[in-house]
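What follows is one structure encoded as structure tokens, with my remarks underneath.
The values are calculated or read from the model by the stated rules, or taken from the named source; none is laboratory data. From a predicted model like this one, the values you see are computed outputs, not experimental measurements. As a convention, Cβ positions derive from the backbone with ideal geometry for all residues, glycine included, and neighbour counts pool all protein chains shown.
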Amino acid sequence: MVAENPGSLLSVTLRVWRQAGPGRAGRFAEYPAKDLDPNMSFLELLDVVNDGLTMRGEEPIAFAHDCREGICGTCSLVIDGKPHGPHRGVASCQTYLRSFANGAVITVEPFRAAAFPVIKDLVTDRSAFDRIQQAGGFITARAGSAPEANAAPIPKGDADLAMDAAQCIGCGACVAACKNASAMLFVAAKVSHLGLLPQGQAERDRRVLSMMAAADAAGFGGCTNQYECSAACPKLISHDFIARLNRDFIGASFRDAFRVEASAAGGGA
Amino acid sequence: MAQLDPKVPSGPLADKWRRHKTEIKLVNPANKRKYEVIVVGAGLAGASAAATLAELGYKVKSFVFHDSPRRAHSIAAQGGINAAKNYQNDGDSVYRLFYDTIKGGDYRSREANTHRLAEVSVNIIDQCVAQGVPFAREYGGLLANRSFGGAQVSRTFYARGQTGQQLLLGAYSALSRMVGAGAVELHTYSEMLDLVVVGGHAKGIIVRDLVSGQITRHAADAVILATGGYGNVFNLSTYARGSNATAIWRAYKRGACFANPCYTQIHPTCIPVSGEYQSKLTLMSESLRNDGRIWVPKKAEDRRKDPNSIPEDGRDYYLERMYPAFGNLCPRDIASRAAKRVCDEGRGVGPSGLGVYLDFSEAIQRLTEAGVRERYGNLFDIYHEITNENAYQVPMRIFPAVHYTMGGLWVDYNLMSNLPGLFVLGEANFSDHGANRLGASALMQGLADGYFVIPYTIGDYLAGQKPGSRPAPDAPEFRAAEAAVAAMTGRLLAGKGGEPVSHFYKRLGHLMWQYCGMARNRAGLETALREIPALREEFWRSVRVPGAADTLNQSLEQAGRVADFLELGELLCRDALAREESCGGHFREEHQYPDGECRRDDVNFAHVAAWEYQGEGRAPVRNIEPLNYEFVKMSVRNYK
């Protein structure tokens, strides 16, 4: 019961990546922090360090954060070389100081990938993910046109598997962990979520082809089956979904190559 | 005095919306593309509105302060979304959902709005399923339901403990589709810092690009605010750290009335505070109350004992004892106050004495540990991460925390504020939940407003605006508003005192929680009304905001939001003081029954209080919209 027994206070040194803006040279700066409650979250430690910097007249460390409960996908720290820090299945905001030894020197960096350029310090631009979604990460269903929800039963197993994939929080840890900076797990999660459901079939081929093309255009690398992505994923989304993505992509590519175009002028095929 | 015409259609309750839809004005398809609509915020309400209006053919500009629309805090809603589908054959109906919601709100919402919400709830589920939202299903493939507080039927649809996430990703995917199609112009990292009013109509906004610091002017034919609630005025809450009231507050200062600010929801099941450094509180979904049992020791001296060592007859399952008909599933305001009461009696558990147990041992016996894990596994994981405790073995410790605000900008039946052209959706408006919101109803309202209300009602306004008549963004009103924003930014950055923003924010939070939290009284509110202005003055005198205006500057963003909270907090206390009754989430100690329940005053307070800004240093005017109950009898809420 950690909350009942806070244990002894910790002191650590943060070694933080500071970079004034996009394309600027960065460097590591060290910030000691003393007498910390082990139940403090890692982001709260950054809050405390930043208040200290502010009072000394220095510029605080910019870092991305919002919900602080592991669901919005905003926080994005590489802590001691690991995206989202030492624990499996959590986001940076769910990392607590009790996971670090007293006296530790902790290195904090932004997610690094060509497609995620640094905006400032630990904040990166992940709009490439939005562009992949805009290319095809949806089922077209105009408001007002939907059929009755229970009209099409969906086997529980399919719905549950779709939900496993749908849990992706869009943080980009999969990209940061991959030596190729590949976004395959991210794309696989969306393609699998929608492709497993009957509603997603009409656009299934278009979706996978468009999303993969957008990922390539954004500068993400290819997959070489290292599985670092699912190890770093805060929702532990399985790399098995990448196999599903590959099957969808290959099938869709063939069908696309041999597709017969409808001809409005011809009055039918 | 502002004109507050609720524009509720006449006729029988169940026909009002259907008739209204056939009677309000339409914009023809060729004209729709001539109108530009600004949507600020992209949570459930904003994203669904932006996507749907773009589908209809309007030109939409969407603004979010996040790096992506997918980050909005709707994403964190856990438990579910209500809909009157009656799939369980347990007697549910549109009327029952309406009735539960209006009763749950302690008879302080508008009948017609609440009934419409219940009506469109069924369409929302259809829409979400069509988009691919992976709701929980039964083995036969049909949708599953569970129960939530304040209802005696199972009408809540859910996607594990991540319902808000899945609904938001559905709305975000619809929005992304329209962005990809070029029908929505998406502005991320863009914070609205002022509303521009031209000739009495809302016609644009002033925006700061949070990355470059550039301030820009955007004109439109109508402006929609869907920017969420203002619960972060308490500093510690279940809101995201970035959630703020700046958009609605600046609209208030431009003339939009702020209705019922004192209606704040304190959620009964959150993880207790552990230290002064704490930046946020985490909710444990209300759905846990389906199977968890809430208790404290009967005797105060047992409160530090290992809970598993306290025998059954030493435990007080106080909700089951006090409210046998609803038990652990009584509404949030009631469950929160009951927790406060047992803690005030010295029976609270945990190091601070501010906690109660939420115990799953009986559920584990009934369902097995695997069964409990399937229903709530991710919530038990969250609990474990934060507290390092295994709730399968020891009961969770929970305590109430600020979670939602029922108050917000005043809107009429069309969701338009008293400023023509300004529409307010979702938690940012005040309209559907009265003085207390039932669980699983926020998601319902956000999507109802965005998918199924605003697409109809905005046309009624736009049809009266000549296409192409919107002002140019270099009109004097735009330039003046931009200058005001730049001046405030400059004033914040000029502060070279010694204290960071967080110090003032924490002190404001303490004042709000102490004097305007779960229980309020005249003396406390008067104290808060003295101390908040003093704190505000100190903020402007001694705050230090480092960095520059022309770069990403999170200190500057936070300073502006806290400056607004320092004003809003005062209005909230003012409203709480003026409302001399107890209702829903607003509990005035002077107005209670001998058993501690809320004592409403329907003779003097069956109305909406809509505050109207009068300028700096002048007291706002309290306007009134009477609540005329034609169909439901206002009665004492009874969950016993």
Does B:Gly105 meet the test of being facing chain A (nearest Cβ under 7 Å), in contact (Cβ under 8 Å) with a residue 12 or more places away in the chain and of a type in the set (Gly, Ala, Ser)?
no
Considering residues that are facing another protein chain (nearest Cβ under 7 Å) and among the small types (Gly, Ala, Ser), the number found within region A:135-170 is 10
Region A:227-238 residues that are closer than 11 Å to A:Ala176 by Cα, paired with ones that are modelled with pLDDT of 95 or more and charged (D, E, K, R) (beta carbon under 8 Å, 6 or more apart)
A:Glu228/A:Lys179; A:Ala232/A:Lys82
Out of all the residues in region B:610-619, is one or more touching a Gly at 6+ places or on another chain (Cβ under 9 Å) and surrounded by fewer than 22 Cβ atoms within 10 Å (Cβ to Cβ)?
yes
When region B:311-330 is examined, which residues are found to be in contact with a helix residue (DSSP H, G or I) (Cβ under 8 Å, 6 or more places away or on another chain) and of a type in the set (A, V, I, L, M)?
B:Leu319, B:Met322, B:Leu329
List pairs: first in region B:158-176 and more than 7 Å from chain A (Cβ to nearest Cβ) and at positive phi, second assigned to a helix (DSSP H, G or I) and modelled with pLDDT under 95, Cβ under 9 Å, 6+ apart or cross-chain?
none
Touching a Ser or Thr at 6+ places or on another chain (Cβ under 9 Å), in a loop (DSSP other than H, G, I, E, B) and hydroxyl-bearing (Ser, Thr, Tyr) - does that describe any residue in region B:423-435?
yes
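Residue-by-condition table, conditions (1) under 21 Å from B:Gly182 (Cβ atoms); (2) among the aliphatic types (A, V, I, L, M):
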{"site": "B:Thr22", "(1), (2)": "no, no"}
{"site": "B:Glu36", "(1), (2)": "yes, no"}
{"site": "B:Ala51", "(1), (2)": "yes, yes"}
{"site": "B:Phe63", "(1), (2)": "yes, no"}
{"site": "B:Tyr95", "(1), (2)": "no, no"}
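Report, by residue number, each residue of region B:176-194 that is of a type in the set (D, E, K, R) and assigned to a strand (DSSP E or B).
Those that are of a type in the set (D, E, K, R) and assigned to a strand (DSSP E or B): B:Glu185, B:Glu191, B:Asp194.
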Scan B:Leu568, B:Leu577, B:Leu529, B:Leu535 and give me the residue that is in contact (Cβ under 8 Å) with a residue 60 or more places away in the chain, away from chain A (no Cβ under 14 Å) and either crowded, with 20+ Cβ neighbours inside 10 Å or assigned to a helix (DSSP H, G or I) (or both).
B:Leu568
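The rows are residues; the columns are (1) more than 13 Å from every other protein chain (Cβ to nearest Cβ); (2) among the acidic types (Asp, Glu); (3) closer than 20 Å to A:Glu69 by Cα; (4) not in a helix (DSSP H, G or I).
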position: B:Ser48; (1), (2), (3), (4): no, no, no, no
position: B:Glu55; (1), (2), (3), (4): no, yes, no, no
position: B:Lys61; (1), (2), (3), (4): yes, no, no, yes
position: B:Asp67; (1), (2), (3), (4): no, yes, yes, yes
position: B:Arg70; (1), (2), (3), (4): no, no, yes, no
position: B:Ser74; (1), (2), (3), (4): no, no, yes, no
Among the candidates B:Gln127, B:Gln88, single out the residue that is within 14 Å of chain A (Cβ to nearest Cβ) and either buried (at least 20 other Cβ atoms within 10 Å of the Cβ) or at pLDDT below 95 (or both).
B:Gln127
Those residues of region B:8-50 which are among the aliphatic types (A, V, I, L, M) and over 30 Å from the mean Cα position of the chain (by Cα), in sequence order
B:Leu26, B:Val27, B:Ala30
Can you spot a residue in region B:456-475 that is of a type in the set (Asp, Glu), in contact with a Lys or Arg (Cβ under 9 Å, 6 or more places away or on another chain), on the phi < 0 side of the Ramachandran plot and in a loop (DSSP other than H, G, I, E, B)?
yes
Considering only residues of region B:11-60 that are among the hydroxyl-bearing types (Ser, Thr, Tyr) and touching a strand residue (DSSP E or B) at 6+ places or on another chain (Cβ under 8 Å), which is nearest to B:Ile454 (Cα to Cα)?
B:Tyr58
The residue that is nearest to the other protein chains (Cβ to nearest Cβ), considering only those in region B:331-365 that are farther than 15 Å from B:Arg289 by Cα and in a helix (DSSP H, G or I), is B:Cys343
Here are B:Ala259, B:Ala247: which of them is more than 25 Å from B:Tyr515 (Cα to Cα), among the hydrophobic types (A, V, I, L, M, F, W, C) and buried (at least 21 other Cβ atoms within 10 Å of the Cβ)?
B:Ala247
Residue check for A:Phe186: without any contact (Cβ under 8 Å) to a residue 24 or more places away in the chain and assigned to a helix (DSSP H, G or I):
no
Of the criteria (1) more than 26 Å from B:Tyr158 (Cα to Cα); (2) modelled with pLDDT of 95 or more, which one B:Ser352 fails:
(2)
Taking region B:10-33 and keeping residues buried (at least 18 other Cβ atoms within 10 Å of the Cβ) and either in a strand (DSSP E or B) or out of contact with any Asp or Glu (no Cβ under 7 Å at 6 or more places or on another chain) (or both) leaves B:Lys16, B:His20, B:Val27, B:Lys32
Given the criterion of a type outside the set (A, V, I, L, M, F, W, C), within 14 Å of A:Ala151 (Cβ to Cβ) and out of contact with any strand residue (DSSP E or B) (no Cβ under 6 Å at 6 or more places or on another chain), identify the matching residue among B:Gln131, B:Gln127, B:Gln152.
B:Gln127
Which residue pairs have Cβ atoms under 6 Å apart, sit 6 or more places apart or on different chains, and have a first residue in region B:441-463 that is more than 13 Å from B:Gly421 (Cβ to Cβ) and a second that is buried (at least 22 other Cβ atoms within 10 Å of the Cβ) and among the acidic types (Asp, Glu)?
B:Gln445/B:Asp432
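Name the residues in region A:185-242 that are among the acidic types (Asp, Glu) and within 11 Å of chain B (Cβ to nearest Cβ), would you?
A:Glu203 - this is the single residue of region A:185-242 that is among the acidic types (Asp, Glu) and within 11 Å of chain B (Cβ to nearest Cβ).
Just checking, which of B:Ala256, B:Ala300 is at pLDDT 95 or above, within 27 Å of B:Ser74 (Cα to Cα) and among the aliphatic types (A, V, I, L, M)? Before the answer, list the steps.
Details: B:Ala300 fails: within 27 Å of B:Ser74 (Cα to Cα).
After ruling out the rest, the residue left standing is B:Ala256.
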